[in-house]
Amino acid sequence: TIISQVVDGISIVSFVSGEGSNSVLDGFTITGGDLEIGQGAGIKCQNASPKIFNNRINNNISPLGAGIDCDNYSSPIIANNLIEQNAATSQGGGIRCSNYSSPAILGNVILGNSATENGGGILCLNYCLPTITENKIVGNTAPSGYGGGIVLFNSSTADITNNTIDRNSALKGGGIFLDNT
């Protein structure tokens, strides 16, 4: 099943009402989201912790968190997804987590995403505590900024275990860039 953007200016899928682990998004293609302002063109999690499993999240565009955006104390489980060809006009091409969010990012393929500034594959900032395990993070770019594959900023700390991080590029930190963490 394909879910694509019908109305301009809103995320394709939104978890913004305190949804927990009983909310499950499993087996969909999330594509074509296009936001000129805001975050999470594909999937937006704000103060929510759903399960996001076995999806294809591709070709979404927004300033922040083009593929998946996790903001304000969100702790989703993001597992076994293909997250590819999403483009952030600012930060977080594939996945962006910010403001005390703690996603579990497990067993995904994060491929060919881009961010004009920082975090082509995954960006974490402002006190985030993600778990990033057994992902393939390949061919992501941040041509004008930091962290082609993964970037951690401003007191964010991650458990990064058993990932393949290959052929990512950025102005600084093609694979991983850490600052003030």
Seminar exercise, completed: Averaged per residue, the 1.4 Å probe accessible area of the chain, protein heavy atoms only, in Å², is roughly 41 Å²
For this session: Taking H placed 1.01 Å from N in the peptide plane, check which residues at least 5 places from residue 170 or on another chain put their amide H under 5 Å from its amide H.
Result: 142, 148
For this session: Take every Cα pair under 8 Å in the chain that's 6+ residues apart, average their separations, divide by the length, and report that relative contact order as a whole percent.
Result: 14 percent
For this session: Go through 18-26, 125-133, 58-66 and give me the packing order, highest mean Cβ count within 10 Å leading.
Result: 58-66, 125-133, 18-26
Exercise. Mind checking which aspartates and glutamates have their C-alpha under 17 Å from residue 44, skipping anything on the same chain fewer than 8 residues away?
Worked result: 8, 19, 26, 34, 36, 69, 71, 84
Seminar exercise, completed: Note on region 117-170: alpha-carbon gyration tensor, axes a ≥ b ≥ c; rule is a/c under 1.5 for rounded, else prolate if a/b larger than b/c, else oblate; result oblate
For this session: Would you work out what percent of the accessible area of region 31-181, with all protein chains in place, is carbon or sulfur (probe 1.4 Å)?
Result: 48 percent
Problem set entry | Descending semi-axes in whole angstrom, ellipsoid equivalent of region 68-156, from the Cα gyration tensor | 17, 15, 10
For this session: Enumerate the calculated ³J(HN,Hα) couplings along region 166-171 in order (Karplus 6.51 cos²θ - 1.76 cosθ + 1.60, θ = phi - 60°), each rounded to whole Hz, writing x wherever the residue is Gly or Pro.
Result: 9, 6, 8, 9, 7, 4
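Rounded to two decimal places and with Rh computed the Kirkwood way over Cα pairs, what is Rg over Rh for region 1-106? Kindly include the intermediate steps, with their values, before the conclusion.
Numbers: Rg = 11.8 Å, Rh = 12.8 Å.
My calculation puts Rg/Rh at 0.92.
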Problem set entry | Compactness index (Cα Rg / 2.2 N^0.38 Å), the chain | 0.87
Exercise. Residues with beta-carbon under 15 Å from that of residue 96, excluding residue 96: net charge, scoring Lys, Arg +1 and Asp, Glu -1?
Worked result: -2
For this session: Could you tally the net charge around residue 55, taking each other residue with its Cβ under 15 Å from the Cβ of residue 55, Lys/Arg +1 and Asp/Glu -1?
Result: 0
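What value in Å³ per residue do you get for the convex hull of the alpha-carbon atoms in region 1-41?
75 Å³
Let's see if you can work this out: charge +1 on each Lys and Arg Cβ, -1 on each Asp and Glu Cβ, no other charges. What is the dipole magnitude of region 51-181 about its Cα centre, in debye to the nearest 20?
160 debye
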Problem set entry | Residues of type lysines that residue 172 reaches as a straight line, Cα spacing below 24 Å, ignoring anything fewer than 8 places off in the same chain | 136
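The values are calculated or read from the model by the stated rules, or taken from the named source; none is laboratory data. Note that the structure is predicted; figures quoted are calculated from it, not measured. So basically every Cβ, Gly included, is an ideal-geometry build from the backbone, and we count neighbours across all protein chains shown. Side chains included, ligands, DNA and RNA excluded: accessible areas come from the protein's heavy atoms. Shrake-Rupley method; radii C 1.70, N 1.55, O 1.52, S 1.80 Å.
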